[in-house]
């Protein structure tokens, strides 16, 4: 265990993180200003910081923020876009996307990384509603979703908010398929 002793409260990178990382690296441009929302342990931000102009990471979890700050990445404790004023060329989000009934919620900060609400789309909806003002004119967002989340429903939400949407990656796993959607105005 590291200095804080709270690593168990921060999402451990898994297949979803590595898929989003691969797509983000392929999508990144040297001139990009990048925002990673819900950075967890900061793996994606740390890798992108070597390839883009600037990276800012956010997470609601104070233990995640401390962990990422200790790695030298600029990080802010924030609930999605609350308190974030800038515009970004690329915004990355690995949201809590699993449908989570009340009886499956867990105590502690890790629940924020896992609990997608009853439909799996509650946090995603809030993200999409606030995304537009934070994108530069040619900006784009990458969001990771699961087939368990309802891809068509998320795409429909995005279209209604004025985004163009494309599926840029699909990866099959034992009980789900993971998708990366690219959104742009």
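Looking at the range 119-133, is at least one residue surrounded by fewer than 21 Cβ atoms within 10 Å (Cβ to Cβ) and modelled with pLDDT under 80? Yes: one or more hits. Considering only the range 161-175, I want to know if a residue exists there that is in a loop (DSSP other than H, G, I, E, B), modelled with pLDDT of 95 or more and surrounded by 18 or more Cβ atoms within 10 Å (Cβ to Cβ). Yes, the range 161-175 contains at least one residue that is in a loop (DSSP other than H, G, I, E, B), modelled with pLDDT of 95 or more and surrounded by 18 or more Cβ atoms within 10 Å (Cβ to Cβ).
Scanning the range 51-64 for residues that are at pLDDT 95 or above and either under 11 Å from residue 38 (Cβ atoms) or within 14 Å of the chain's Cα centre (by Cα) (or both) turns up 55, 56, 57, 58.
Can you find a residue that is touching a strand residue (DSSP E or B) at 6+ places or on another chain (Cβ under 9 Å), surrounded by 18 or more Cβ atoms within 10 Å (Cβ to Cβ), at positive phi and assigned to a loop (DSSP other than H, G, I, E, B) anywhere in the range 15-32? No, that holds for no residue.
Check 151, 180 and return the single one that is surrounded by 15 or more Cβ atoms within 10 Å (Cβ to Cβ) and modelled with pLDDT of 95 or more.
After applying the criteria, what remains is 180.
Of the strands (runs of 3 or more DSSP E) entirely within the range 50-99, those holding at least 1 residues that are farther than 20 Å from residue 182 by Cα occupy 54-59, 75-77.
Output yes when any residue across the range 101-111 is at pLDDT below 90, surrounded by fewer than 16 Cβ atoms within 10 Å (Cβ to Cβ) and within 17 Å of residue 17 (Cβ to Cβ), and no when none is. No: the range 101-111 contains no residue that is at pLDDT below 90, surrounded by fewer than 16 Cβ atoms within 10 Å (Cβ to Cβ) and within 17 Å of residue 17 (Cβ to Cβ).
The values are calculated or read from the model by the stated rules, or taken from the named source; none is laboratory data. Here the structure is a predicted model, which means the values were calculated and not measured. Neighbour counts are summed over all protein chains in view; Cβ atoms, including those assigned to glycine, are modelled from backbone coordinates with ideal geometry.
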